[in-house]
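For reference, the structure discussed in these notes is given below.
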Amino acid sequence: MLAWRPVSVDEHRAQAPTRFGFAVLTVSDSRSDRTDRGGPLLVELVTAPGHHVVWRRIVRDDVQEIRDGVRDAIHPAEVDAVLVTGGTGVARRDSTIEAVRPMLEKELLGFGELFRQLSYQEIGTAAMLSRATAGVVAGRAVFLLPGSPAALALAVERLILPELGHLLAQARRRD
């Protein structure tokens with residue numbers, strides 16, 4: 001009889017996929033393809049280590065447009081993760097969280113907690129103004145991120161890319 005033993009995080013990571021397809025959605029009432037800084041930065045951050053961007057769009061900070069954008073983003077089979085930038089603050093028009101949270105099948109509260117903890121180390125108490133969060137929709141990871149370039153780099157480099165394979169492997173398990 002074989003004894004049960006837990007699988008370590010390192011073993012999960014070793015068995016997880018290593019290349020991913022991304023969708024990038026910018027939420028903004030004022031940005032265009034020419035003036036958007038967050039979307040192109042996200043593309044750069046994920047393609048530099050060898051991943052690819054399958055889909056990209058800009059939508060207004062409007063609940064229905066954001067929901068439609070996320071639905072469109074998860075449609076291509078090659079998309080493993082959706083990166084949404086903008087609309088996560090506390091301003092009256094910031095509605096990304098309200099738009100997407102009801103769509104999440106599983107919310108990853110730890111992502112937002114860790115993001116704010118790391119942000120606090122860089123920007124101090126202003127980190128509490130971020131409502132960044134993440135979750136799973138239709139087997140895809142969805143990350144709701146601020147619009148700040150420094151915040152995007154922190155999220156992608158220190159949280160998303162190091163754990164995405166493990167996250168997707170767990171989210172897509174069929175047992």
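Points worth noting:
- GNM remark for the chain: springs join alpha carbons under 10 Å apart, and the peak mean-square fluctuation among Leu118, Leu25, Leu145 falls on Leu118.
- Taking the Cα centre of the chain as reference, the dipole from Cβ charges on Lys and Arg (+1) and Asp and Glu (-1) amounts to some 140 debye.
- Between 0 and 90°, nearest 10: helix 109-123 axis offset from the chain longest Cα axis: 60 degrees
- Considering the range 19-171 at the alpha-carbon level, its Rg and Dmax are found to be 13.8, 40 Å.
- Charge tally for Ile66 (other residues, Cβ to Cβ under 9 Å; Lys, Arg +1; Asp, Glu -1): -3.
- Taking amide H positions as modeled 1.01 Å from N, with prolines and chain starts lacking one, the residues under 5 Å from Thr26 and 5 or more places away or on another chain are Arg57, Ile58, Val59, Thr85.
- Label point distance in nm, Ala153-Asp62, each placed 7 Å from Cα along Cα→Cβ: 3.4 nm
- Positive minus negative residues near Ser28 (Lys, Arg vs Asp, Glu; Cβ under 9 Å): -1
- By DSSP, the beta bridges lying fully in the chain are antiparallel in about 30 percent of cases.
- Neighbourhood net charge (11 Å Cβ-Cβ; Lys/Arg +1, Asp/Glu -1) for Val82: +2
Since every read-out is calculated from the coordinates, none of them should be taken as a lab result. Note that the coordinates shown come from a computational prediction; the quantities given were computed from them, not determined experimentally. Every residue, glycine as well, gets a Cβ built from its backbone with ideal geometry; the counts of neighbours run over all protein chains shown.
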